[in-house]
Amino acid sequence: MAANQSNRKNKILVLLFAAIVVGLALYFYASYFEFTLPTGKHRNWQKLPILVLASLLGYLATRFLNAALFDFAFRLRKRYEAPTLVRNIFTLLAFAILFVLLFKGVYNDYDLGALFTTSALFGVIIGLALQDTLGNFFAGISLHADRPFQVGDVIVVTQQKLTGVVESITWRAIKVRTFQNHIVLVSNSLAAREAIEVAPRDNLNARLVFFSTIYTDSPAKTIHVVRESVRDADNVSDKITPIVRIRGLGDSSIEWEIKYWLDDYAKYNDTDALVRQRVWYALRRNGLTFAFPTRTLHLERSVPVRPITAEDQIADRLSAVDVFSPLSTEELRQLAKATAGHVFAPGETLIRAGDEGSSMFVVHNGRVAVQVSDPGGPRTVAELTEGNFFGEMALFTGEPRTANVVAIEETEVLEIGHAAMKHLFQTNPSLAESISWTIAERQADLAKGSASAQPSIQETAGLLSSIKRFFGLH
């Protein structure tokens, strides 16, 4: 910026110096012409140096005015460079008017109107010969009036598949520097006809980068890992957080896209490459895997759904649940075999209030929120973590769900179904009484908020009766 200001000042000084030299030359020649040269028919030819010097001085004055208006006043007000075409038109018109005034002053006995009238045919011929040039000229005026882009913007000329940075806009063409460092001139008339995609230099422009992972990788973990790895990369704007989202479920992979915003869009190729590099390292560090084309053919589908985690781990988790404390080790293993595991995304609802159900859930990993409906919206009444359970009344008595349960983060839960418990009750009928007492005790604790609260015999008997009726026990 400082170098540009210095160049502008030097340009003004050179123009002033040249104007002084030409002005002195004009002054001395005019004095010599007035007092020394004879009169006669050759006097008009001897006036020609005066017209030339005066025109040259007028041209320098026009250039000086151009620099003063556009290099200083226009830039100070608009905060960007004046278009080259506008400056050229200003210089051309100003000099043309000044030249006409100078010509009439020097050759006041000539009629310029008659001269232009006699040259009309010549003007038509010139116009036909320069129709392409004039088309570019007027198209350039239209571009500058609309200002769809300016110097420094990245543009894409769609039909020509040309991408680059605008370096200048002249009366004839747009000068574009491609990302291969080539200079391409796009005629103004062609640019006026084509669709041009513009990425303004002072705008936060977005880019999309794609990758894919295998289906066994956690989507929530992938989103967090990739977003955090990309957001602090060079040239990635910190004003808007990058977005990582699933764009499709392919034959052999989850297809992802990263949307991020750039500080300098002209460097998008390097930034795209850096983002892909960050994604590779982030996935490798966190045990996530890029997908490659695969296809698996299942000739026979296995009927039972296997739990997500090992049966021993599930049995250990169930043994810590109060409701299942009456079960023996073998019974816990049998229950673990029939337990299904499910993974829920953050914000996903596990169960809804009022729904029918015949299973309960144990939080194996993650956290969930228990919510009830209020006039102002859902209200969280409890937060359950690893080892906590919910929905036991639906499993043992078939009662409808009484609250919404929503995953706070990616959560893995174990679901114990009606069939699994019925099998245990049939092999060990005494379990029903033990479990009914445990459930009644828990309900009493929740109702009174005291660990010393004891359920009444009537409450236990009523619950036992409901369990036997729901499971068909005698």
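Taking a sphere under 11 Å around the Cβ of T349 and counting the other residues whose Cβ falls inside, with K and R at +1 and D and E at -1, yields a net charge of 0.
Calculate the FRET efficiency for I243 and A419 from the Cβ-Cβ distance with a Förster distance of 41 Å, rounded to the nearest 0.05.
Values: r = 43 Å, r/R0 = 1.05.
Efficiency, rounded to the nearest 0.05: 0.45.
Label sites at H342 and L473, each approximated as a point 7 angstrom past Cα along Cα to Cβ, lie 2.5 nm apart.
Around T271, under 11 Å between beta carbons, what's the net of Lys plus Arg minus Asp minus Glu among the other residues? Kindly include the intermediate steps, with their values, before the conclusion.
Values: positive: R207, K267, R276, R278; negative: D234, D263, D264, D270, D272.
Result for the local shell: -1.
Separation of the range 353-382 and the range 384-428, taken as the distance between their Cα centroids, equals 12 angstrom.
In this structure, the residue pairs whose Cα-Cα separation is over 27 Å, taken from K161/K267; K175/K239; K221/K259; K239/K267; K161/K239, are K175/K239; K161/K239. The equivalent ellipsoid of the range 364-450 has semi-axes of 26, 17, 12 Å, largest first, where each one is the square root of 5 times an eigenvalue of the Cα gyration tensor.
Taken together, the values in this text are just the output of simple stated rules run on the coordinates, not laboratory data. Note that this is a predicted model, so its numbers are computed, not measured. Cβ atoms come from the backbone with ideal geometry, glycine included; neighbour counts cover every protein chain shown.
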